[in-house]
Amino acid sequence: MATQTLTASDLAQFTGSENWYRHGLNRNILYTDGAQFVAESAGAYWLLDEIALANAYNRSVKVEEFQVWTLTRNKTGNGAMLTCGDGNGHTVYTKRIEYTNFPLDTIKLFCENGTILLPSEH
C-alpha cells in the first residue's frame, strides 16, 4: 500500500537511474528509478499508465520524441489536469483527471524517446 508521502526534496535526490523498468501496458515504454519512486511513494502507477497509454494510442503524443508531462491538482475539489507539451511551449494533449489524492500540487515528468523520467534525471 502506498504511503501517499512525497515531497519536492524527495524528487531532488534523483540525478540519474541505475535501473529501467518496462511498462506493463505499453512494452515500448521504459521508466526510471525516479518515476518508479513517484509511482510507489504516491500510489501513482496510474500516472505512468496515463503517459504510457497516450504514447500508445494518441498520435499527437507519440510523434513527439521529447514530452513534458505536467500533473496539476485543482485548487478546489479532488481532480487534476494532466497535460503533455512538446518542450517548446506547445500543448499536444490534455486530460482531466476526475479524482486523485496525489500528494503534490504539481509534478513534472519527461518522456524522452520512450523513457519516462524525472527532470532531475535528464
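Below is a table of values for the structure above.
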item	result
Percent carbon-and-sulfur accessible area, region 1-90, ignoring ligands, DNA and RNA, probe 1.4 Å	50
Candidates Val63, Val38, Val92, ranked by Gaussian network fluctuation over the chain, Cα under 10 Å, top entry	Val63
Probe 1.4 Å, accessible area per residue of the chain, Å²	56
Hits among lysines - C-alpha to C-alpha of Lys62 under 28 Å, sequence gap 8 or more where chains match	Lys95, Lys108
Proximal charge balance of Leu109 [Cβ under 12 Å; K/R count +1, D/E count -1]	-2
From the C-alpha gyration tensor of the chain, square roots of 5λ in Å	20, 18, 14
Extension gain from Glu40 to Ser120, taking 0.36 nm per residue of separation minus the Cα-Cα distance	27.0 nm
Structure-based [θ]222 nm, the chain - -39500 (n - 2.57) summed over DSSP H runs of at least 4, per residue, nearest 500	-7000 deg cm²/dmol
Max mean-square fluctuation residue, GNM over the chain, Cα-Cα springs under 10 Å, options Lys95, Lys75, Lys62	Lys75
Relative contact order of the chain, defined on C-alpha pairs under 8 angstrom at six or more residues apart (%)	29
Leading residue at positive end of dipole, region 25-114 (Cβ point charges), from Phe66, Ala44, Tyr93	Tyr93
Dipole magnitude (debye, nearest 20) for region 43-122, charges at Cβ of Lys, Arg, Asp, Glu	280
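The values are calculated or read from the model by the stated rules, or taken from the named source; none is laboratory data. Owing to the predicted nature of the structure, the values given are computational and were not obtained by experimental measurement. Cβ sites come from the backbone with ideal geometry, for glycine too, and all protein chains shown count toward neighbours. Just the protein is used for accessible areas: all its heavy atoms, side chains included, with ligands, DNA and RNA removed. Shrake-Rupley method; radii C 1.70, N 1.55, O 1.52, S 1.80 Å.
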